[in-house]
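Notes follow the structure.
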Amino acid sequence: MRRAAPAPEPRAGMLVCVCDPQLDAPANDNGPRAVSTFGLAVGFAFAVLAQTVASAALPLAGAQLAPRPELVTWPFAALLLGAALASFPASFLRDAFGRRTGFALGASVGIAGGALLVAALIQRQFAWACLGALWLGMAQGFSFFYRHEAAAASGRPAAATAGVLAGGLLAAVAGPTLAGFAESLAAPFFLVGAAALAALAHTCSLGVAVMLADDPTSTFRPKVTAPLSAIVWPTLVAGIAWFGMNAVMSGAPLALVGCGIGGAAVFGFIALHVAAMYAPAVPLALAGDRLPPLAIALTGVVLVAIGVPLQRLATPESITAALICVGAGWSVATVGATAWIYQSGQPSRLALALHDGGLFALAICGALTGYLLA
């Protein structure tokens, strides 16, 4: 057995390691441990709570602060714009820094957005409200990647996606009660309590994000990598549902107020809409992978198409029915489209960013036309 050569003596110009051997390797989000769908669903649920409150408050805040009638839906549109802008960083930061860092960053932006919206409502600053809504939307854009994380780590992408979306159901049910309690604490400042609750919900989402397991080794092993063109039709089909849903959603609060519904009661109607958005995910989590993704997505589009004309009837009953139809249609179309893009293989990060960005872009167009339905 040959003796090892002795270590060379230090000399000028010699490179040596000066790392402290007592310190561990730098922390890294990427690791082999699997993550449960339940953990992703909990983080998404807190984000949905913030979304529920913000979706009801922003149209009313626009009506309260907008200098001109045509600008009323701008805060809600800014929410969707922020989500669209976050699609690319939310997708690529996961590979660069890991899941926990990406989701924690998104939640942190949401906390800042909620705080800025509080200041905007107290100071009656329309521009601040739009900026706060933009930041809340960016947090929402990050949170929608919870469904991609579940789909990528599962061999059943439709069921995994629906499982994450189902986590939003409880948040939607609890939203009106929590918003009413927050508003009572913040009285006499209208909507300030709701904005503060949105910031608090993102704080809880931040706590969940930092507790998530290391990035999993995907159990979904496609034979080929999906081409970029594989997202075109799923994005267009689901985008129609996103357009119609947001057109109804952005105009519904003002339409309800016009029907004599009190401002505080609007939160209950919006929460019913958000519950409808996530309720279909429960059965789809059990049976989603037994159905063709295209059929699921088209069913969602049909539901949205039924709901849009109901808004035009301008009665509390028809508006409620419209909110339920478009909410359910949005959920079904989103689950179907997400499973659809995984049929051809594992989509790239660019494909996922373009897919979500396209959906939010069409949602913005819908929100900007929402005042026509109010």
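The values are calculated or read from the model by the stated rules, or taken from the named source; none is laboratory data. The shown structure was predicted, so the numbers you read here are calculated from the model rather than taken from an experiment. Heavy atoms of the whole protein, side chains included, go into the accessibility calculation; ligands, DNA and RNA do not. Shrake-Rupley method; radii C 1.70, N 1.55, O 1.52, S 1.80 Å.
Within the accessible surface of the range 331-374, defined with a 1.4 Å probe on protein heavy atoms only, the carbon and sulfur portion equals 68 percent. Solvent exposure of the range 290-374, expressed per residue, is 37 Å² of accessible area, with all protein chains present and a 1.4 angstrom probe.
Once the Cα-Cα distance is subtracted from the 0.36 nm per residue extended length, the residue 314 to residue 123 segment shows a gain of 65.5 nm. In whole percent, and with a 1.4 Å probe on the protein chains, what portion of the accessible area of the range 77-128 is carbon and sulfur? In the range 77-128, the share of accessible area belonging to carbon and sulfur is 70 percent.
Plainly put, the range 113-181 has a radius of gyration that is 1.14 times its Kirkwood radius, both from alpha-carbon atoms, as the Rg/Rh ratio.
Remark: accessible surface ordering of 341, 306 (largest first) is 306, 341, probe radius 1.4 Å.
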